[in-house]
Structure formats: structure tokens, C-alpha cells
Amino acid sequence: MTKPGGKEGGGEPLDYRAIAGSAAFAALDPKLKLLFEYWNAKRGTQPLPARLGLPVAELKPWIGQLAILEPSGTRDFRFRLCGTGLIRRFGREATGAGVHELAGDVRETLQAPLRHVLSARVPVIARPRIHVGEKSEIYSELLLPLSDGGESVTTILLGAYLSRDA
């Protein structure tokens, strides 16, 4: 799991340019790099972009590979939406499900990055290895924090693509 550098303090937003220069960002799927740039542009000078500031029509290039998750209780997250391209990643249609309902390795590779995004309020890049039958697959993932107009994370936008070097 990789998080961007930057310095918090004085109410100033983190410097998200640090993520774009990282080795993890260089290895990220090109479509997720574009998603990060879109998220960062929507954020502007705010710490987090507003969830309602990302219209579905603008997310169309990634829509099948996106999941929208919300905190549920103190330790779990619930899928508000899960794109059809992610059914294999999560081992099922996950819309409406809690992360705790997913299979063991799928759940374990998702919980720590989600919790980090929620607590640190920063984007996270992940490369989870998921066991599918007798083989394993590596995903290129980007988790992006969203708010309801404030500084608290209320929603997490997750983009995931099967890695070409899996």
C-alpha cells in the first residue's frame, strides 16, 4: 500500500503532487492515473473533492471498474455501487454488501487500504494479490477519499484493473 507524501498542518491541503512522482504511481494502470488526475482537478484547493462534484457522466471512462464504498459502523465498509468489471476482483456482485462479507483474502486485501484512506484522508495505491481458483491475480488499485463538502471522508471511490504483469 502506498500513500502520497505531503505535509499536514495549518489547515492547508496535502500536496498531492507527491503521489504523481512516486514509483507506485508509475506502476499504476494508465486509466487509474487519469482517474487520479480527474479527482485532483475536482479537488482544486480543497482537501477533498465533494462526492456530488463527481457526476456519473464524467466517470463514464472508468464506470465498470469503479466501486463506491461508505464507512459502516466502526470497522466495516459497505459497497454502495460495484461495477460489473469488479465482480471477479471481489468474487461476487458486491453492491449492497459489507466488506466483511467478502471471502478471506479479498476482504483482507481491502480492509487496510480502506481504513487508511478513511483515517488519513489521502489517496492510496494498492496492488493486491487475489487467489482465483488455483491461480492468483494482481490488481492495480487506486482508492480516493471523497467528502460531503467538508474535510471528513464520507465515501471512498475505488478503481481497480487487473494488472498486466500478473
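The values are calculated or read from the model by the stated rules, or taken from the named source; none is laboratory data. For clarity, every value in this text was computed on a predicted model and none was experimentally measured. Glycine also receives a Cβ, built like all others from the backbone with ideal geometry; neighbour counts cover every protein chain displayed.
Conditions tested, residue by residue: (1) under 19 Å from T109 (Cβ atoms); (2) in contact with a strand residue (DSSP E or B) (Cβ under 8 Å, 6 or more places away or on another chain).
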{"residue": "L34", "(1), (2)": "no, no"}
{"residue": "E37", "(1), (2)": "no, no"}
{"residue": "L48", "(1), (2)": "no, yes"}
{"residue": "L54", "(1), (2)": "no, yes"}
{"residue": "T74", "(1), (2)": "no, no"}
{"residue": "R80", "(1), (2)": "no, yes"}
{"residue": "I87", "(1), (2)": "yes, no"}
Odd one out for V99, checked against (1) among the aliphatic types (A, V, I, L, M); (2) in contact with a strand residue (DSSP E or B) (Cβ under 8 Å, 6 or more places away or on another chain); (3) under 22 Å from F25 (Cβ atoms): (3)
What single numbered condition from (1) surrounded by 15 or more Cβ atoms within 10 Å (Cβ to Cβ); (2) of a type outside the set (V, I, T); (3) within 16 Å of L142 (Cβ to Cβ) fails to hold for E37? (1)
Checked region 126-166 for anything of a type in the set (V, I, T) and in contact (Cβ under 8 Å) with a residue 40 or more places away in the chain; matches are I130, V132, V153, T154, T155, I156
Out of the residues in region 18-34 meeting the condition of being within 17 Å of the chain's Cα centre (by Cα) and exposed (fewer than 13 other Cβ atoms within 10 Å of the Cβ), tell me which one is modelled with the lowest pLDDT. A26
Taking G44 and the conditions (1) surrounded by 14 or more Cβ atoms within 10 Å (Cβ to Cβ); (2) on the phi > 0 side of the Ramachandran plot, which numbered condition does it fall short on, given that it satisfies the others? (1)
Considering region 81-95, residues that are surrounded by fewer than 15 Cβ atoms within 10 Å (Cβ to Cβ) and under 17 Å from the mean Cα position of the chain (by Cα), and then whichever is farthest from I63 (Cα to Cα), we arrive at R88
